[in-house]
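Asks: The following block contains the structure, expressed as structure tokens.
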Ligand code: PEP
């Protein structure tokens, strides 16, 4: 199946995507993606670019449900930087592309914490994604300890620069960056306030706002805070875990984003 290149897909101006982490099997993936596909066909996108990131094992099934030319982007949660070879247990960018992925998540904090992901490996993976025409979704974020030390911006800018410095302007324009403070992610995270996010996004916006395809926020996004988070300067999307693991939750987030002034302005321009 020749899948539409991610570069040819609309892209926003607001991005709302979800990674399912190590959840959902084939049947659940198919059901969710089929419902999403039907919703998008019925309701349109109106200034919002959805993306879903299932487990490796379900990427091909999700692609099967979406078809080759869906406006919903499909991603993988990780990929190796080499195209193939003696890397037991790893999956390459070439392989996820073959399975139907157009986007790849790189450097999620869980991978940095538990699986030895480093700034150097995120750099190799960004390069591999770009080499194969996939959208790299680079995740960056500081721990609670770094935040307490007042070092948030320095830390995340170093993570971003380590992965992205040296890219051409054309390559950079294909990259998405998700700022996901470690202290705000998952069951043990606490939702960030708008005030806490203003400075990091001002700093990221200055360095990467115009240069990249978008700056997303992730970490305990929910139906109550999504609109306020989208309103922060330089935020052009949301990267969502738990609140989008049910299709109704995700569809509601897409609706909230579509009604947001940032999306409405672009849709009516
Ligand atoms: C995440 O783990 O990247 C994430 C954003 O999760 P949640 O929305 O559940 O905090």
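Asks: Running a GNM on the chain with Cα contacts under 10 Å, which residue among 56, 115, 201 ends up with the highest mean-square fluctuation?
Replies: 115
Asks: How far, in nm, would the chain grow between residue 28 and residue 151 when pulled straight, counting 0.36 nm per residue and subtracting the alpha carbon separation?
Replies: 40.2 nm
Asks: Right, next: Which value at 222 nm does the chain reach when only helices count, each DSSP H run of 4 or more adding -39,500 (n - 2.57), with the total divided by all residues and rounded to the nearest 500 deg cm²/dmol?
Replies: -11500 deg cm²/dmol
Asks: Could you calculate the contour length gain from residue 169 to residue 42, that is, 0.36 nm times the residue separation minus the distance between their Cα atoms, to one decimal place in nm?
Replies: Details: separation 127, 0.36 × 127 = 45.72 nm, distance 3.61 nm.
Working it through step by step, the gained length comes to 42.1 nm.
Asks: Ranking 152, 188 by Cβ neighbours within 10 Å, fewest first, what do you get? Kindly include the intermediate steps, with their values, before the conclusion.
Replies: Details: 152 22, 188 8.
The fewest-first ordering by Cβ neighbours comes to 188, 152.
Asks: So for the pair residue 68, residue 222, with labels modelled 7 Å out along Cα→Cβ, what separation do we get in nm?
Replies: Placing both labels 7 Å along Cα→Cβ, they lie 4.3 nm apart.
Asks: Of the candidates 18, 121, 193, which one comes out as most mobile in a Gaussian network treatment of the chain with C-alpha springs shorter than 10 Å?
Replies: 193
Asks: Can you give the FRET efficiency for residue 5 and residue 83, using 1/(1 + (r/R0)^6), R0 = 22 Å, r = Cβ-Cβ distance, to the nearest 0.05? Kindly include the intermediate steps, with their values, before the conclusion.
Replies: Working: r = 18 Å, r/R0 = 0.82.
Computed FRET efficiency for residue 5 and residue 83: 0.75.
Asks: Hey, another quick one. Once you order the gyration tensor axes a ≥ b ≥ c over the Cα atoms, which shape class does the range 1-137 get: rounded for a/c under 1.5, otherwise prolate or oblate by comparing a/b with b/c?
Replies: Numbers: a/c = 1.71, a/b = 1.55, b/c = 1.10.
Prolate, since a/c reaches 1.5 and a/b exceeds b/c.
Asks: Same structure again: Please compute the volume of the convex hull spanned by the alpha-carbon atoms of the range 63-201 and report it per residue in Å³.
Replies: 142
Asks: Label the chain by shape, choosing from rounded, prolate and oblate, from the square roots a ≥ b ≥ c of the eigenvalues of the Cα gyration tensor; if a/c is under 1.5 it is rounded, and otherwise prolate applies when a/b is larger than b/c, oblate when it is not.
Replies: Rounded.
Asks: With 10 angstrom as the radius, rank 19, 55, 109 by how many other C-beta atoms surround their C-beta, starting from the fewest.
Replies: With the fewest neighbours first, 19, 55, 109 line up as 55, 109, 19.
Asks: What's the exposure ranking of 69, 132, going from fewest to most Cβ atoms within 10 Å? Kindly include the intermediate steps, with their values, before the conclusion.
Replies: Numbers: 69 11, 132 18.
In increasing order of surrounding Cβ atoms, one gets 69, 132.
Asks: Taking springs between alpha-carbon atoms closer than 10 angstrom, which of 86, 61, 101 fluctuates most in the Gaussian network model of the chain?
Replies: 86
Computed from the coordinates by the stated procedures, all read-outs in this text should not be read as laboratory data. Only a predicted model underlies this, so the values are computations on that prediction, with no experimental measurement involved. In this analysis, Cβ positions are derived from the backbone assuming ideal geometry, glycine residues included, and neighbour counts consider all displayed protein chains.
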